[in-house]
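Student: Sharing a structure below in structure tokens format, with a few things to ask.
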Amino acid sequence: MKIYLARHGETDWNIENRIQGQVNTRLNEKGRQQARELAEKLSEGDYQIGAIYSSAKSRALETARIIGDKLGITPKIQQGFEEINFGKWEGHMWRQVRELFPEEYQIWHNDRRYQVPPGGESYQQLLDRLLPALGDIAGKERENALVVTHSAVIMTLMSYLYDTPFEDMAKNYKTGNAGVVELDGGLFLRE
């Protein structure tokens, strides 16, 4: 069984390079088109998806619904797949965060896995909610599953699985809007 992680389609905040996190932004028209193109790709390829799960955030859920309509599958909202919570940094651009929160940013920048932005969560806390959610899916699904989620979720998971520095996640594992990563569901089965 395979688990495919797909990033949601584009939002206006993606274009503006704003930190979205827990803000419930919506897809723009390009994002909806990207979702339709991904749906087409998933319907024509050898993906054989039997279930679709999604973050509850509008941008992910709308992407999942567009794909689900094409595949004839109703997406299920699953807790644990939401984007990382960047707290007070959300809505800002990274350059603004460095200017407005210089000390907090430097502490976080030096240890991104465990440090928490003001009012947010660490990448480790994201992993602590993500891994059980993936384990639930791997334990109950027999067919391949699609999870529609967010950029930091995918990058964090890939950094963890491949044991690479979290500071390099964007360089190593950046996934574009409506991009897909394939993983073996067996990685998440609990003993």
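Student: Kindly indicate the residue of region 137-158 that is in a helix (DSSP H, G or I), of a type in the set (Gly, Ala, Ser) and closer than 19 Å to ALA51 by Cβ and also least open to solvent (accessible area, probe 1.4 Å) among those meeting that condition.
Tutor: ALA138
Student: Looking at region 69-78, which of its residues are closer than 19 Å to LEU134 by Cα and either outside any loop (DSSP other than H, G, I, E, B) or out of contact with any helix residue (DSSP H, G or I) (no Cβ under 9 Å at 6 or more places or on another chain) (or both)?
Tutor: LYS76, ILE77
Student: I'm trying to understand the selection: among the residues of region 18-27, which are in a loop (DSSP other than H, G, I, E, B) and either touching a residue at least 40 places away in the same chain (Cβ under 8 Å) or in contact with a strand residue (DSSP E or B) (Cβ under 6 Å, 6 or more places away or on another chain) (or both)?
Tutor: Matches in region 18-27: ILE19, GLN20, GLY21, GLN22, VAL23, THR25.
Student: Within region 87-118, which residues are among the aromatic types (Phe, Trp, Tyr), surrounded by fewer than 17 Cβ atoms within 10 Å (Cβ to Cβ) and not in a helix (DSSP H, G or I)?
Tutor: Of everything in region 87-118, just one residue is among the aromatic types (Phe, Trp, Tyr), surrounded by fewer than 17 Cβ atoms within 10 Å (Cβ to Cβ) and not in a helix (DSSP H, G or I), namely TYR114.
Student: Answer with yes or no whether ALA64 is among the small types (Gly, Ala, Ser), at pLDDT 95 or above and not in a loop (DSSP other than H, G, I, E, B).
Tutor: yes
Student: Could you count how many residues in region 26-60 are polar (S, T, N, Q), touching a helix residue (DSSP H, G or I) at 6+ places or on another chain (Cβ under 7 Å), closer than 22 Å to ALA152 by Cα and surrounded by fewer than 20 Cβ atoms within 10 Å (Cβ to Cβ)?
Tutor: Residues that pass the stated criteria total 1.
Student: Scan region 65-88 for residues that are touching a residue at least 12 places away in the same chain (Cβ under 8 Å) and over 18 Å from the mean Cα position of the chain (by Cα) and report the count.
Tutor: Of the residues in region 65-88, 6 are touching a residue at least 12 places away in the same chain (Cβ under 8 Å) and over 18 Å from the mean Cα position of the chain (by Cα).
Student: Residues of region 159-191 being assigned to a helix (DSSP H, G or I) and open to solvent by less than 20 Å² (accessible area, probe 1.4 Å), which ones?
Tutor: SER159, PHE166, MET169, GLY185, PHE188
Student: Kindly provide the set of residues from region 3-17 that are open to solvent by less than 10 Å² (accessible area, probe 1.4 Å) and not in a strand (DSSP E or B), ordered by number.
Tutor: Listed by number, the residues that qualify are HIS8, GLY9.
Student: Continuing with the same structure: Whether any residue in region 119-136 is open to solvent by less than 40 Å² (accessible area, probe 1.4 Å), in a loop (DSSP other than H, G, I, E, B) and either among the basic types (Lys, Arg) or without any contact (Cβ under 8 Å) to a residue 24 or more places away in the chain (or both) is what I want to check.
Tutor: yes
The values are calculated or read from the model by the stated rules, or taken from the named source; none is laboratory data. None of these values were measured; they are calculated from a predicted model. Note that each Cβ is placed from the backbone with ideal geometry, even for glycine, and that neighbours are counted across all protein chains shown. SASA here: full protein model, heavy atoms, side chains in, ligands and nucleic acids out. Shrake-Rupley method; radii C 1.70, N 1.55, O 1.52, S 1.80 Å.
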